Every structure is written in structure tokens, then in C-alpha cells.
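Single-structure report; data block below.
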Amino acid sequence: WDVGVPMLALGSDAELAELATTELAQPTAGSAQLALADRWLELAEQRKTDAKPLRRHALDWYLRASHKLEGLPQRKALTKVADAEKWVSKDATYTTSPLNSEDDRRYPPLPSLLTESEKYHDIDSKFAMHLTGVNAYVTVDLKREVPISRLLIYNRTSTPHRARGMIVYVSSSPQHRGEAIWRAPDGAEQWDVRLPKLAVGRFVTIAFDPTRTDDAIFHLRKVKIYGVE
């Protein structure tokens with residue numbers, strides 16, 4: 001869309017050109033972003049053959065607008081996104097950084113990190129993976145490119161401070177982490193993260209904060225990734 005919108009603004013399709021021109025003006029007010037999202041969605045409903053990409057683009061603007069709005073307008077924007085969301089990591093797989101310590105090997109990564117299962121390692125709290133070192137990470141393979149809208153990350157309930165500063169990246173290649181889309185501001189028991197815009201990718205990497213040298217142990221209970229269709 002970053003490449004396509006300027007081209008649409010110069011095209012012969014009057015409706016698309018008008019919407020693209022409005023978008024190129026980079027509306028920043030939540031009300032203007034919400035209005036733009038509504039117009040993209042209306043166009044998606046009119047043009048059945050192009051409905052899917054147009055609807056996704058509208059949802060991107062609803063997501064952006066939701067961070068600027070309050071009250072009923074915000075609820076409207078969030079409802080549009082939530083109605084289109086699916087739990088896209090439910091059938092995904094994941095890999096981790098090397099198991100460096102005895103504890104890493106004693107508590108190997110479990111499928112329950114991504115599934116509905118509640119089977120965890122349980123010492124003084126529940127966790128599905130245990131990784132040691134400042135370079136610790138988990139990479140989730142969604143199996144296809146997805147427009148990601150939301151992250152639900154459940155921390156180990158004891159020593160939650162260890163996850164403070166962890167970074168989430170999205171990429172289309174397993175060889176590169178790609179764009180950083182979120183950083184944990186604290187060591188909470190869980191985070192429900194609405195992204196500021198759709199992040200398209202297949203691989204989601206959650207990494208320990210490499211700048212930290214204290215208590216470099218990374219353990220999470222569950223990760224749920226949501227995307228729009």
C-alpha cells in the first residue's frame with residue numbers, strides 16, 4: 001500500500017484516486033482516520049472482486065484510528081477490527097535460541113506456548129519455555145503471511161520482571177527479524193497489545209532485551225497472535 005497509494009492517486013479510477021489523495025494528505029486526527037477507514041470499507045463492499053485487499057486496508061485505518069479516539073468512536077473502530085480478527089498462531093510452530101543451561105534442557109520448549117493446552121512446566125509458577133542468555137528468543141512461524149493486529153503474551157507469574165524490555169519483531173523471512181513492532185514497558189503478568197497499525201509478516205520473533213545484563217533468563221507461559229482476514 002505504501003507503493004500503491006501514490007499510483008492509485010494518479011490513476012484513472014476516480015473513486016480510488018480521490019481516496020488515495022486523501023490518504024496521501026496523511027490525516028493524523030482520529031476522526032479523520034476513522035472517516036477514511038469507513039470510506040475504504042464502503043468501497044470494499046461495493047467492489048466484490050477487490051473486497052479483500054480493500055477491507056484489509058480499511059481495517060488498518062480502523063486500527064490506527066483506535067489509538068487516537070475515545071468513547072463510542074473508539075469502540076466502533078475496535079469493533080471493526082475485532083470482528084475480523086482470528087487467532088492465527090493457534091496452529092503455528094516455533095523455534096528457540098539454543099538451550100544454553102542445565103535448566104534450559106531440564107525444561108524444554110512445550111507446544112502449549114502456542115496452543116490451547118494448559119500443560120506447562122511448574123516449579124513455583126507455570127511456563128512453557130525457559131531460555132538463558134541475553135540473546136534468547138522465540139520465533140513463531142505462522143505458515144503464511146498475515147496482517148497482524150494484536151498480541152496476547154502471558155508471562156511466567158513469578159519473576160515477571162525478567163521479561164521487561166523484550167522486543168517483538170515481524171518478518172517475511174526466517175533469516176531476518178524484520179521490523180520491531182512492540183517492546184514490553186514493564187514486567188507484567190500479561191500484555192494485551194493492540195498494534196498501532198497492521199504488521200504484515202509470517203515470522204514473529206519475541207526476544208529478550210539484549211541490552212540487559214541482569215537476570216538474563218527468558219520464560220513465557222503462552223503467546224497468542226491475532227490477525228485480520
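The values are calculated or read from the model by the stated rules, or taken from the named source; none is laboratory data. Remember, predicted model here, so these are calculated numbers, not experimental data. Using ideal geometry, Cβ is built from the backbone for each residue, glycine included, and neighbour counts are taken over all protein chains shown. Areas reflect the complete protein model, heavy atoms only, side chains present, ligands, DNA and RNA absent. Shrake-Rupley method; radii C 1.70, N 1.55, O 1.52, S 1.80 Å.
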- Among the listed pairs LYS197/LYS224; LYS80/LYS143; LYS52/LYS143, give every one whose C-alpha distance is greater than 23 Å. LYS80/LYS143
- Query: How far apart, in nm, are two points set 7 Å out from the Cα along the Cα-to-Cβ line at LYS76 and at ASP214?
  - Reply: 4.6 nm
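Of the heavy-atom accessible surface of the chain (probe 1.4 angstrom), what whole percent is carbon and sulfur?
Numbers: 5860 of 11460 Å².
That share works out to 51 percent.
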- Principal semi-axes in Å for segment 1-65 [√(5λ), Cα gyration tensor, largest first]: 17, 15, 10
- Message: Suppose each label sits 7 Å from its Cα in the direction of the beta carbon; what would the ARG194-TRP1 distance come out to in nanometres?
- Response: 1.6 nm
- Item | Loop-located chymotrypsin sites (Phe, Trp or Tyr not before Pro) in segment 50-117, at most 13 other Cβ atoms within 10 Å (DSSP) | none
- Task: Please sort by residue number the trypsin sites (Lys or Arg not before Pro) in segment 60-126 whose DSSP state is loop and whose Cβ has at most 14 other Cβ atoms within 10 Å.
- Result: LYS90, LYS119
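For the chain, what mean projected area does the convex hull of the alpha carbons give, in nm²? Please list the in-between numbers first.
Details: hull surface 55.1 nm².
Answer in nm², one decimal: 13.8.
Report the equivalent ellipsoid semi-axes for segment 119-184 in whole Å, largest first, defined as the square roots of five times the eigenvalues of the gyration tensor built from alpha carbon atoms. Could the numbers behind the result be given before it?
Numbers: eigenvalues 115, 37, 31 Å².
In descending order, the three semi-axes are 24, 14, 12 Å.
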- Task: Give, as ranges by residue number, the residues of segment 119-137 whose backbone N falls under 18 Å from the point 7 Å along Cα→Cβ of SER101.
- Result: 121-137
- Query: When only alpha-carbon atoms count, how far does segment 1-124 stretch along each of its three principal axes, as whole angstroms with the largest first?
  - Reply: 63, 33, 26
- Item | For segment 190-229: rounded, prolate or oblate by the Cα gyration tensor [a/c cutoff 1.5] | prolate
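Based on the Cβ-Cβ distance of GLN46 and LEU24, what FRET efficiency does E = 1/(1 + (r/R0)^6) give at R0 = 22 Å, to the nearest 0.05? Intermediate results must be reported in sequence, preceding the final value.
Working: r = 22 Å, r/R0 = 0.98.
Computed FRET efficiency for GLN46 and LEU24 comes out at 0.55.
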- Task: Name the residue, out of THR157, THR95, THR205, whose mean-square fluctuation peaks in a Gaussian network model built on the chain with Cα pairs under 10 Å.
- Result: THR95
- Extension reserve of the SER173-SER31 stretch, reckoned as 0.36 nm per residue once the Cα distance is removed: 47.6 nm
- Item | Debye log10 I(q)/I(0) at q = 0.22, 0.24, 0.25 Å⁻¹ for segment 53-142, Cα point scatterers | -0.98, -1.10, -1.16
- Connecting every pair of Cα atoms under 10 Å apart in the chain and solving the GNM, the largest mean-square fluctuation among ALA65, ALA17, ALA216 falls on ALA17
- Note on the structure: Probe 1.4 Å, heavy atoms of protein chains only: per residue, the accessible area of the chain in Å² is 50 Å²
